[in-house]
1. With the crude spin-label approximation of a point 7 Å out along Cα→Cβ, what separation in nm comes out for residue 14 versus residue 37?
2. Using the Karplus curve 6.51 cos²θ - 1.76 cosθ + 1.60 with θ = phi - 60°, what ³J(HN,Hα) values do you get for each residue of the stretch 53-68, in whole Hz, with x for Gly and Pro?
3. Residue 44 to residue 73: FRET efficiency via 1/(1 + (r/R0)^6), r the Cβ-Cβ distance, R0 25 Å, to the nearest 0.05?
Amino acid sequence: MASISEIVKSQKQLARRAAYLKKGVRKPNRVSTRGVNRCKITGRPRAYMRFFGLSRLTFRELAAKGELPGVVRASK
């Protein structure tokens, strides 16, 4: 069973949300630095290598095939 404090907390959050939705006016997101770098091939947002524009998984596959110019394996 939920404690009294959890119930009160959830009621406060619901009241705040209802008041926010009642206003109807939402501020646009004006922050221009929130762009997420993504892999050009797979669209993966994590493990992005900025120099190549690829994720580490895609980079490894293409480097192993020899499809990236100037990239060689460290061990042969």
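1. Modelled inter-label distance: 4.4 nm.
2. x, 10, 7, 5, 5, 5, 4, 5, 4, 5, 5, 5, 7, x, 8, 9
3. On the way: r = 22 Å, r/R0 = 0.88.
Result of the calculation: an efficiency of 0.70.
Just so you know, all these numbers are worked out from the coordinates, no wet-lab data involved. Worth saying up front: this structure is predicted, and the values here are computed from it rather than measured. So basically every Cβ, Gly included, is an ideal-geometry build from the backbone, and we count neighbours across all protein chains shown.
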